[in-house]
Amino acid sequence: MRIFLTILFSLITFLGSGQTITAPDSRSYVLNTADQNASGFSLSGFNSSDILLCAIGLPTAPAGTTFYFTTTTGLTPASGYTMTGNKSRIAFTGTMANINNALASLKINTPATAGSIQISVSATVNPAGFFYNPTNGHFYRPISSGTTYTNARAAALNTTFKGQQGYLVTITSADEDAFVFNNVPQTNIWFALTDELAEGQWRIDAGPEAGTLIKTSNGQFTGNIAGQYNNWAPGEPNNSGNEDYAVTKWNGSQWNDLPNNFSCPYVIEYGTWTNPDNATFTDFYTNSTTHSNGPTLSVRFNVSTNNITNSALTAKVHYQPTGSATWTPSTNIARSMTLLGGMDVTSDIDTNRVVTNTYLSTISPGQVEWSYINLFNGSVTLHIDQRKVTMSPSLISHVSILDVYSGPVTFTSSNGTWAMYNIPVQIPKLTDGTSQFNSYIRNAGYNNYAFRCEVTMSQNREYKKQALFFNYSTSLSALYNNVVTVSDVYTAFRQFATQGGLTGTSNGTAFTSPIQYIAADVDGNGIFDEKDCFELLQHITGTQPLSASNLTDIIRILSRSAYDGVTSSSWNTVPQKSFYSIDLMDGVLTYTNNISIFWKGDVNMSHSPSQSGSGQINMSVNPVTMSMSLNSSTSASDVKASIISELIEDELSLTVQLDQAQSAVGVQFMVHYDNSLLSYKETKFTSVGSSTNFASDKGDYISLGSLITDGNSSLDNSTKYVLKFKTKSKMTNTLGLISVYPVDAVTKNGSQIKINIL
Amino acid sequence: MKKALIIMAVAALFGGCTKYEIEPVPPPIIKDIFSVSQSTVTNAQTFNFTLPSAGPYTLTLIDSLTKQVISREKIYGGAGLNTRNIYTKTIQSKYLQLVLLDANNNQIGKTTIITK
């Protein structure tokens with residue numbers, strides 16, 4: 001029974017119970033505004049009756065950012081906290097349900113300073129006797145019994161908590177100092193700071209900052225190193241009686257130096273990271289979202305290119321200063337494409353704003369009705385008294401009206417008294433009474449709403465217009481050759497033939513995705529035909545370099561919507577780009593650009609987001625449709641070939657030979673074999689001149705053939721392939737264990753001809 | 001005894017029921033395959049045929065639709081009854097011609113094969 005229970009317990013442990021913290025999507029907050037929605041975090045997977053410790057902090061935020069809850073039912077604040085009022089951090093305990101109710105009511109107050117606001121939420125089953133600092137994600141354990149500094153330092157190192165080794169607490173910021181002050185009830189607390197090695201040279205004595213010099217001489221401010229946190233009491237440290245060790249909460253909230261033989265309480269700290277998201281505590285869960293406060297530009301690219309695993313593209317971000325036609329490269333860095341083609345170039349975007357020749361009109365509370373809005377038939381028209389417009393009214397491109405609207409406007413006309421602008425959206429706050437400046441808005445009748453206001457002008461600051469360029473590089477060349485194979489080319493051939501033969505139309509539905517026509521049209525003439533296939537074949541067999549004019553621009557970029565909108569009849573009219581323009585001029589703070597890239601020749605669209613599944617080339621094609629012939633008769637212009645196999649003991653030998661090559665410069669066969677009974681060993685080639693021969697084992701078939709591209713010679717009946725297989729068991733004969741299917745042949749002028757195996 | 005029961009219970013928990021494999025019954029040999037106009041075959045089908053004399057021969061499989069030769073094997077047969085196999089796993093055509101030629105390319109036998 002014990003064994004069974006052990007196994008059961010192991011299974012439960014292995015499976016876990018799936019505790020998670022869900023975080024909301026990033027938001028853009030309005031500057032200097034209270035009571036903004038910060039909900040969206042929630043806990044799940046915890047035992048509903050467990051008392052959890054939950055901590056919320058702002059690891060990154062402009063000074064003055066605070067948050068608060070409107071619902072705190074059932075929650076108990078941790079030592080040093082209260083549940084009410086504005087916070088920059090808080091820790092509390094409660095059940096999962098009560099915590100989720102509080103998280104759903106989270107509000108944020110933003111300062112006037114723009115920047116990123118990271119809200120971090122952490123949760124774990126409440127560990128009694130430990131305090132969690134949500135700002136740095138560390139746990140702190142106060143030890144109330146007194147001991148010497150050196151004993152405290154050693155004792156701390158002998159402890160572990162949630163998989164982390166403890167260390168005597170370090171105090172590296174006012175924030176951490178305040179945390180210890182507020183949460184640890186004892187006073188005169190040893191912390192890891194000493195000048196035992198050199199008098200007056202105060203160094204951090206434990207933890208990740210061990211050895212850091214923060215002060216070079218005694219005295220409250222003397223020798224304090226800029227950038228290092230010091231908080232000494234007046235006159236301290238003074239080394240009175242050989243004092244080499246520091247305490248905090250000395251006579252209040254400051255530091256003092258004491259000798260080692262003092263018996264003081266101490267605090268053990270757990271955690272070595274600075275960002276709570278990096279915490280590696282066991283059975284501890286955390287998540288965060290970084291929002292923007294004010295005009296912080298965030299650009300995210302979703303580059304859709306499935307199944308690229310190990311290559312790199314050179315991404316260049318160019319920008320165009322306002323009023324200039326010059327695109328200037330700001331970076332040229334190879335970006336790794338990982339997972340499903342994700343490539344982050346966010347850091348390459350130039351987020352510096354430039355002053356433009358347009359103006360923002362700000363309508364702020366005042367005494368006189370200098371402006372009004374007229375609502376009529378769904379249009380929203382702003383009127384500004386022209387005495388307040390200090391430049392040509394047409395230069396105003398944006399307005400900020402109290403708290404009811406902030407965004408672009410279009411100048412429509414001026415009658416000399418009023419300048420009129422169209423606002424492109426409805427403004428509910430104008431009429432629903434929710435504006436905090438409602439007392440400055442007067443319903444003047446006839447759908448007019450007048451503003452008691454002042455009107456000021458400022459030049460717009462806008463982001464530069466930018467563009468993302470993709471360039472293939474050596475590594476892309478390798479990728480290209482790895483992914484697009486001769487078989488792909490013949491897939492294109494086959495699709496072309498299936499569509500209507502060599503003289504048929506190239507439009508239609510032969511490909512499974514219309515975008516494949518664009519990829520297959522390698523010469524870019526709007527027609528997919530056998531010349532495209534031949535040209536690509538020359539390229540991927542190495543006889544035509546990547547710099548060939550028709551293949552110079554391999555990467556093609558479309559917006560994701562354009563990509564998805566390509567049809568089998570519109571593919572040759574879809575404009576393709578070699579760069580993707582990013583228009584950041586409208587002042588929107590957050591951009592997500594969904595773009596798709598593909599490259600010429602990838603006719604199987606192994607990287608297409610619309611081509612799900614394995615993403616690799618489908619090699620198990622029907623050999624009947626592989627044949628380029630639409631009838632089964634033999635023509636004098638066909639290439640003729642013969643095959644024969646022979647089993648000698650455990651070696652099976654297959655010979656494929658051209659009997660009449662008919663000026664073919666390229667041929668390809670597929671040799672299928674039963675891999676449960678045979679192992680492929682090798683292929684030996686005999687062919688004329690400088691032909692490129694290939695034989696690629698795909699596991700259950702071998703793609704083989706030859707190609708000559710010197711422009712003069714062609715294949716002849718000396719072309720022969722001898723394939724060797726080994727039987728996996730003793731056999732008397734092998735009829736049907738190998739079957740040979742011709743793919744097709746190509747002549748010098750790119751025409752396709754049939755192969756007949758006789 | 002209790003330990004034995006526990007072991008059995010754990011074994012039953014992880015091992016599940018014993019799976020009894022059913023040995024496939026080999027298809028019957030097709031006798032004198034060239035004496036009939038067509039035969040239906042499965043993978044590794046055994047068939048026999050009669051040769052007039054010992055020597056090299058070729059067995060050829062031709063796709064009935066495209067007329068392409070898809071497999072051809074050189075064999076050394078003895079006079080009288082010979083037994084061979086035909087493997088169909090790699091063959092993607094349902095209808096085939098099986099042709100037996102002697103060393104001088106004289107046709108000794110021909111029949112239609114339908115793969116199952």
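Descriptive notes on the structure:
- Among residues of the stretch A:704-735, those that are closer than 24 Å to B:Ile86 by Cα and either within 14 Å of chain B (Cβ to nearest Cβ) or surrounded by fewer than 17 Cβ atoms within 10 Å (Cβ to Cβ) (or both), counted: 14
- Among the residues of this structure, A:Gly227 does not count as one that is farther than 27 Å from A:Arg89 by Cβ and surrounded by fewer than 21 Cβ atoms within 10 Å (Cβ to Cβ).
- In the stretch B:60-86, the residue that is surrounded by the most Cβ atoms within 10 Å (Cβ to Cβ) out of those that are in contact with a strand residue (DSSP E or B) (Cβ under 7 Å, 6 or more places away or on another chain), facing chain A (nearest Cβ under 7 Å) and β-branched (Val, Ile, Thr) is B:Ile86.
- The strands (runs of 3 or more DSSP E) falling completely within the stretch A:91-146 that include 3 or more residues that are small (Gly, Ala, Ser) and closer than 26 Å to A:Thr71 by Cβ map to A:115-125.
- Filtered by the rule that a residue be hydrophobic (A, V, I, L, M, F, W, C) and within 8 Å of another protein chain (Cβ to nearest Cβ), the stretch B:87-116 gives a lone residue, B:Ile91.
- Residue among A:Ser458, A:Ser414 that is surrounded by 14 or more Cβ atoms within 10 Å (Cβ to Cβ) and either more than 30 Å from A:Phe598 (Cα to Cα) or of a type in the set (S, T, N, Q) (or both): A:Ser414
- Looking across the stretch A:40-70, the residues that are touching a residue at least 60 places away in the same chain (Cβ under 8 Å) and assigned to a strand (DSSP E or B) come down to A:Ser42, A:Leu43, A:Leu52, A:Leu53, A:Cys54, A:Ala55, A:Ile56, A:Gly57, A:Leu58, A:Pro59, A:Thr60.
- Among the residues of the stretch A:123-141, those identified as surrounded by fewer than 21 Cβ atoms within 10 Å (Cβ to Cβ) and of a type in the set (A, V, I, L, M) are A:Val125, A:Ala128.
- Taken as a whole, the structure leaves A:Ala233 outside the set of residues that are buried (at least 16 other Cβ atoms within 10 Å of the Cβ), touching a residue at least 40 places away in the same chain (Cβ under 8 Å) and either among the small types (Gly, Ala, Ser) or over 30 Å from A:Ala91 (Cβ atoms) (or both).
- Only listed residue being at pLDDT below 85, of a type in the set (Asp, Glu) and within 52 Å of the chain's Cα centre (by Cα), chosen from A:Asp710, A:Asp638, A:Asp659: A:Asp710
- Residue in the stretch A:182-222 that is surrounded by the most Cβ atoms within 10 Å (Cβ to Cβ), counting only those that are farther than 18 Å from A:Arg153 by Cβ and touching a residue at least 40 places away in the same chain (Cβ under 8 Å): A:Asn183
- Being surrounded by 16 or more Cβ atoms within 10 Å (Cβ to Cβ), in contact (Cβ under 8 Å) with a residue 60 or more places away in the chain and under 13 Å from A:Ala661 (Cβ atoms) is a condition met by no residue of the stretch A:679-701.
- Restricting the stretch A:743-758 to residues that are within 20 Å of A:Ala695 (Cα to Cα) and at pLDDT 85 or above, the residue that is nearest to the other protein chains (Cβ to nearest Cβ): A:Ile757
- Hits in the stretch B:42-59 (condition: at the interface with another protein chain (Cβ under 10 Å from one of its Cβ atoms), touching a strand residue (DSSP E or B) at 6+ places or on another chain (Cβ under 8 Å) and in contact (Cβ under 8 Å) with a residue 40 or more places away in the chain): B:Ala44, B:Gln45, B:Pro56, B:Thr58, B:Leu59
- Residues that are under 34 Å from the mean Cα position of the chain (by Cα) and part of a loop (DSSP other than H, G, I, E, B) within the stretch A:71-90 comprise A:Asn86, A:Ser88, listed in sequence order.
- Test for A:Leu58: is it surrounded by 18 or more Cβ atoms within 10 Å (Cβ to Cβ), closer than 30 Å to A:Asn352 by Cα and in contact with a Phe, Trp or Tyr (Cβ under 8 Å, 6 or more places away or on another chain): yes
- Residue check for A:Pro408: within 18 Å of A:Gly378 (Cα to Cα) and surrounded by fewer than 15 Cβ atoms within 10 Å (Cβ to Cβ): no
- A:Phe179 of a type in the set (A, V, I, L, M, F, W, C), in contact with an Asp or Glu (Cβ under 9 Å, 6 or more places away or on another chain), touching a residue at least 24 places away in the same chain (Cβ under 8 Å) and surrounded by 22 or more Cβ atoms within 10 Å (Cβ to Cβ): no
- Test: residue in the stretch B:66-85 that is touching a residue at least 60 places away in the same chain (Cβ under 8 Å), farther than 20 Å from A:Ile738 by Cβ and not aliphatic (A, V, I, L, M): no
- Test: residue in the stretch A:674-688 that is closer than 16 Å to B:Ile70 by Cα and either more than 9 Å from chain B (Cβ to nearest Cβ) or of a type outside the set (Gly, Ala, Ser) (or both): yes
- Candidates in the stretch A:376-407 are the residues that are in a helix (DSSP H, G or I) and free of Cβ contacts under 8 Å to residues at least 24 places away in the same chain; of these, the one that is nearest to A:Tyr440 (Cα to Cα) is A:Arg387.
- Verdict on A:Gly433 being within 40 Å of the chain's Cα centre (by Cα), at positive phi and surrounded by fewer than 19 Cβ atoms within 10 Å (Cβ to Cβ): no
The values are calculated or read from the model by the stated rules, or taken from the named source; none is laboratory data. From a predicted model like this one, the values you see are computed outputs, not experimental measurements. Every residue, glycine as well, gets a Cβ built from its backbone with ideal geometry; the counts of neighbours run over all protein chains shown.
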